[in-house]
1. Being closer than 20 Å to W350 by Cα and within 27 Å of the chain's Cα centre (by Cα) narrows it down to one of A29, A17, A21, so name that one.
2. Just a yes or no: is a residue in region 389-407 closer than 29 Å to V515 by Cβ, under 18 Å from the mean Cα position of the chain (by Cα) and assigned by TED's automatic domain parsing to the domain that holds T134?
3. Could you look through region 455-480, keep only residues that are outside any strand (DSSP E or B) and of a type in the set (D, E), and pick out the one that is farthest from the chain's Cα centre (by Cα)?
4. Is it true that some residue in region 513-520 is of a type outside the set (K, R) and at positive phi?
5. Just for region 1-35: of the residues that are outside any helix (DSSP H, G or I) and not hydrophobic (A, V, I, L, M, F, W, C), which one is surrounded by the fewest Cβ atoms within 10 Å (Cβ to Cβ)?
6. Filter the strands (runs of 3 or more DSSP E) completely within region 489-560 down to those with at least 1 residues that are closer than 30 Å to G369 by Cα.
7. Quick check on my filter: what residues within region 530-546 are of a type in the set (V, I, T) and under 13 Å from L561 (Cα atoms)?
8. Restricting to region 48-66, give me the number of residues that are surrounded by 14 or more Cβ atoms within 10 Å (Cβ to Cβ), over 22 Å from the mean Cα position of the chain (by Cα) and of a type outside the set (A, V, I, L, M, F, W, C).
Amino acid sequence: MAWAPDEETQQLIWHLALQNAFEYEGKGAVGSVIGRIMSTRADLRQYGGQISPIVAQMVQTANTLAQEQGLGHIESILSSEAAHLLEGRKKQEKREGLPQLKVPDGAKPVFRFAPNPNGPLSFGHARGVVINGTYAAEHNGTLILRFDDTDTTVKPPSLSAYELIPKEVEWLLGRPADRIVLASDRIQHYYEHAEKMLTKGFGYVCECTAETFREFREAKSNCPCRSKSVEQNKNGWNKMLDGTFKPGDAVVRVKTDMTLKNPALRDWPALRLQDTLNNPHPRPSIGSTYKVWPLLDFQSAVEDRLQGVTHIIRGKDLMDSTRKQTLLYEHFGWTYPETIYWGRVKVHEWGGFSTSTMRASIESGVYSGWDDPRLPTIQGMQTRGIQAEALRNFWIELGVTQKDISVPLATLFSHNTKIIDEKAPRLSFVRDPVEIHLSGDVQNDVELPRHPNHPDMGVRTISLAPPTVMIEAADSKTKYRLKEFVDVDELGAVESIERSDKRPIIQWVSLTSSVESTLIVPLQEELKRISGRVETNNFPIGTIVQLERIGYAIITGDGYLLMHE
């Protein structure tokens, strides 16, 4: 049986939604309320997927109540029903922007966003772009877009990503990255630092098999290769470079301490051999040029130093990378950049998507391409009409915290709605339409506003010659009011021009001023297509409209793609 909240839980959600709306003046945030619920009731964490849409609805209701009835009304409800939520919690200004960053006076910080170009950017990548890019802009600093493209086997780069990702970064930020760095162009720099490690004695060429070294690591004992002389290590290095050693024969390791508490830090590998003869790098200028390639922790650490990176902002799952790289920096006598971590953000409706799984699903025909609106890719979100500003606002609102956060897609949609609502013209779309012939006093034309808040956007003229309208079949069994027009009985007789009672208000189109069209609804499993009739218009493809009583949609070549309700 599906889980449903009991009365106590519903009251908790409602009161926390009211509290949030009160504190933030009618602009309560879904993610904030979910965080309070989960911290208050640990037993509810397993039901996050079911709770989120309930929270989203209650937050929306609480915000509307605050905006329409005033904060005093919200305060009076809480005072009578949940006074403890007001104790010591005055209205507070919502924090604008990101947390304060440690930057010395007069310094111009350097940030980097470093994706693996094995595919286009996704929703998760957008966080790195937005946070680093926003900090760079706020502090008159530099944002580097760095392609960490030194893995030709596990996650081989995609050539198209090199052209696409810079455009996606520019779209997200409204400006391009300050400079672009390709790690695969800088192999010689990594070689130079590897040779310095070997010469100075804090690196060595290890010829143990992976399994053998694992035994040494688990036993906290040194492998025999660790005691090699500088000359022996240089000789082994040359054998790696000239192809004497084959993939799996040898790696270059960073000397740390084989008794360190964290096994991942014990003499970690810095460079390895790759079979680029059979698996060449996809960039033609690189191809099979190099046999020895740096692993990510080494390559990234060296490149951060060479590019003068001052701040690294990344996921807390990369804390071990920071620890490894800090040990390397200590060997070289460098100062490690200021490092800030964020926790995971899970969007319920998207679950777990990775670039590799998405590519496989595209190749098998499950999705039409990277721009499929069901996918959490930048291209998919662009197809769906998500605005760059909405993504920026979403990530900035969540900020930089190590807490893991679970949010519904409605949170992103709410940011998008704020941006598009004032610009989206209104249209009528009727699903599963049936004809109703109006009788009585019916005018030939009806003028409806293109936008209820902007008279300057003009009107839509609806022809009622003949006086036949199309309504949804489900609406035709009772009396109703045709929205912004007339009250009608079950047989289509016009009863009143003015609203006469509380009968339901329904959407409609006229037979003359509408055409057949398709509403495309992106579900997780499919792109559901619903036939209907849409009000005649001449908006170009790509226009965002509000289909009244349905939701926001973007006009495509084959219908109206529902962006979000």
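1. Exactly one residue qualifies, and that residue is A29.
2. Start the filter on region 389-407 by keeping residues that are closer than 29 Å to V515 by Cβ, which leaves none.
Looking for residues that are closer than 29 Å to V515 by Cβ, under 18 Å from the mean Cα position of the chain (by Cα) and assigned by TED's automatic domain parsing to the domain that holds T134, one finds none in region 389-407, hence no.
3. Taking region 455-480 first, the residues outside any strand (DSSP E or B) are 455-458, 464-467, 473-479.
Add one more test, that the residue is of a type in the set (D, E), and what stays is 456, 475.
Numbers: D456: 35, D475: 38 Å.
This residue is D475.
4. Pass one, region 513-520, residues of a type outside the set (K, R): 513-520.
From what is left, the residues that are at positive phi are none.
No, region 513-520 contains no residue that is of a type outside the set (K, R) and at positive phi.
5. For region 1-35, the residue satisfying everything is D6.
6. 514-522, 527-535, 544-547, 551-556
7. I530, V534, I541, T543, I544, V545
8. First, the residues of region 48-66 that are surrounded by 14 or more Cβ atoms within 10 Å (Cβ to Cβ): 48-63, 65-66.
So of that shortlist, the ones also over 22 Å from the mean Cα position of the chain (by Cα) come out as 58, 61-63, 65-66.
In the following step, the residues that additionally are of a type outside the set (A, V, I, L, M, F, W, C) were identified as 61, 63.
Total satisfying the criteria: 2.
The values are calculated or read from the model by the stated rules, or taken from the named source; none is laboratory data. Since this is a predicted model, take the numbers as computed values, not measurements. Virtual Cβ from ideal backbone geometry, glycine too; neighbours counted across all protein chains shown.
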